[in-house]
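First the structure, in the form of structure tokens, and then the observations on it.
The values are calculated or read from the model by the stated rules, or taken from the named source; none is laboratory data. Owing to the predicted nature of the structure, the values given are computational and were not obtained by experimental measurement. Ideal geometry is used to build each Cβ from the backbone, glycine not excepted, and the neighbour counts take in all protein chains shown. Surface areas here come from the heavy atoms of the whole protein model, side chains and all, with no ligands, DNA or RNA. Shrake-Rupley method; radii C 1.70, N 1.55, O 1.52, S 1.80 Å.
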Amino acid sequence: MKILVVGGGGREHAIIRKLKESPLCGEIWCAPGNGGISYNAHCKNIKATDLDAMVAFAKEEAFDYAVVAQDDPLALGMVDRLAEIGIPSFGPNAAAARIEASKVFSKDLMRKYHIPTADYAVFDDPAKALAYITEKGEYPTVIKADGLALGKGVLICEDEASARDGLKEIMEDKKFGASGNRVVVEEFLTGPEVSVLSFTDGKVVKPMVSSMDHKRALDGDKGLNTGGMGTVAPNPYYTPEVAQQCMETIFLPTIEAMQREGCPFKGCLYFGLMLTPKGPKVIEYNCRFGDPETQVVLPLLESDLLKIMLSTTNGTLADTEVTFSNGAAACVVMASGGYPEHYEKGKEITGLTEGQISGSPAVVYHAGTALTDGKLVTNGGRVLGVTATGDTLPQALEKAYAACESIHFEGAHKRRDIGQRALKALL
């Protein structure tokens, strides 16, 4: 099959490398792709959000199948547009992608169908939002921009002053553009966080191995929120008992709710969960593979990814094998100095041959790289996701960190404590 993958980060690189293991996979293209992805697929420099150009390219190349991996094009209706020209895709249509594209839609869905989540209220007026927060007087409180905001539209406010500043930033200064026209004000939940990606064809849901993300920029979960500085899988807090509870109270009810709302969800539905003292609750849904969760989940997948993806599109997931190894995986993100704020691009990356470390058991997934005059250079905040698998989590972490020592670029920054919380939980 001739396949198009829409996107250009570490998640897309992980998807492409896994797709290539399938005997069904032939020629593979990625748009826009990146420097490291170009070693594994043909890249075409089209913005993931440029639907007209992407659809024209897909038609011209006559792709058999597309994998729309990024949230923005899904929300904009890329799957719908490709379907119009006869190209089936992995991913939800625009109506179903609202589960991530609108926090208000997802919270209202959970309230209507009694899916456990944090208590909340919705506002389009910052003064009314602040009045609600001060009247409740419960801190910390959580403020979320309604729309997509690169994973950064969530503020945890410790007091009235920070809530006022947060509302101003989102609703008045429009830090996230129109995404901040409405906000969701939520109660602050506590407990271990778990990410569970799942395959679904709109009727059946098959969860993948669980994972644990590390959002903060600095060791000890300090510093600013990022898109993710590393991940491990499986998540030790996600026991078989918790998994069963989530299936009954969250996963199946969500799939059924989307069906009842007339927008069945097909593709990868990501459940961001908090294991609270009162049981598992949904923090957020994503309408696609998480990044960098994908970089630890897919290396543990033993089944044929392309076959699974096709079954979600065709509605035959019930008859399709989805199995994962019993091992563990760890991904350490190497980021540009200054990320997630100001950082420089164009720093030469050394220690890699055709994007990988020669002789290393680790895999390097490229998130923000470019090829300039034949040299691999940094081209983003998160540059590389260095991933390794092992029989145990300590083994996987040791291999991933050892591999990082072989890679160099000016200002490179990584957390040194990826997986430490998980290791403590295993004791």
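Observations on the model:
- Histogram of C-alpha separations across region 280-384, 10 Å bin width, %: 12, 30, 32, 20, 5, 0
- Other-chain or far-sequence residues with amide H under 5 Å of F188's (modelled H): V142
- CD proxy at 222 nm, helix term only [per DSSP H run n ≥ 4: -39500 (n - 2.57); per residue of the chain; nearest 500]: -8000 deg cm²/dmol
- Pairs beyond 29 Å (Cα-Cα), from K107/K215; K112/K152; K44/K168; K174/K424; K20/K47; K59/K307: K44/K168; K174/K424
- Highest GNM mean-square fluctuation among T141, T353, T387, for the chain modelled with Cα contacts below 10 Å: T353.
- In terms of Cα atoms, the Rg and Dmax of region 45-89 work out to 9.3, 24 Å.
- More than 17 angstrom apart: percent of Cα pairs within region 1-85: 38 percent
- Karplus (6.51, -1.76, 1.60) ³J(HN,Hα), θ = phi - 60°, over region 34-41, in Hz, Gly and Pro reported as x: 7, x, x, 5, 5, 6, 10, 7
- Region 337-385-region 7-69 distance, computed between alpha-carbon centres (Å): 19 Å
- Taking all protein chains as shown and a probe of 1.4 angstrom, S22 keeps an accessible surface of around 10 Å².
- Across the protein chains, with a 1.4 Å probe defining accessible surface, the residues L167, L352 rank L352, L167 from largest area downward.
- Mean Cβ count within 10 Å, highest first, over the residues of peptides 216-224, 302-310, 108-116, 11-19: 11-19, 302-310, 108-116, 216-224
- Protein heavy-atom accessible surface, 1.4 Å probe, per residue over the chain: 41 Å².
- Net lengthening on full extension, M247/T392 (0.36 nm per residue, minus Cα-Cα): 49.6 nm
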